[in-house]
Amino acid sequence: MKKFREMIKNIIFILIVILLFKSILSYQLAKTEYSTYNYTVCSNDTLWNIAADICNENKDIYIRKVISDIKEINNMTDPIIYVGQTIQLPIYN
């Protein structure tokens, strides 16, 4: 019985280590590296309009993904941009 308990403890320990490693690895993989270029925000620009222009050039990309990528690259918590602001835009290949 003692060996059985020890074996169960070892299995649980191994599972915890695997789950911890998996969560760390998935976090690192979730952060995508992009090639970017600088864009200066003009009058009447919105993230939606900017993302739509990018989507027109790259038909395989969805507008919500582009907006999400722009916000991630620029560490934005909301979609508000200002005239004259320089933001980085992703380059999709």
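All of the numbers you see were taken from the coordinates with simple rules; none came from a lab. Only a predicted model underlies this, so the values are computations on that prediction, with no experimental measurement involved. Note: ideal-geometry Cβ built from the backbone for every residue, glycine included; neighbour counts use all protein chains shown.
For residues in segment 59-85 being surrounded by fewer than 13 Cβ atoms within 10 Å (Cβ to Cβ) and under 20 Å from Ser35 (Cβ atoms), which is nearest to the chain's Cα centre (by Cα)?
Result: Asn75.
Sort out which residues of segment 41-55 are touching a Gly at 6+ places or on another chain (Cβ under 7 Å) and closer than 15 Å to Ser68 by Cβ, and write them in order of number.
Those that are touching a Gly at 6+ places or on another chain (Cβ under 7 Å) and closer than 15 Å to Ser68 by Cβ: none in segment 41-55.
Would you please list the contacts, defined by Cβ atoms under 9 Å and residues six or more apart or on different chains, that run from a residue in segment 77-89 that is charged (D, E, K, R) to a residue that is surrounded by 10 or more Cβ atoms within 10 Å (Cβ to Cβ)?
Pairs found: Asp78/Lys71.
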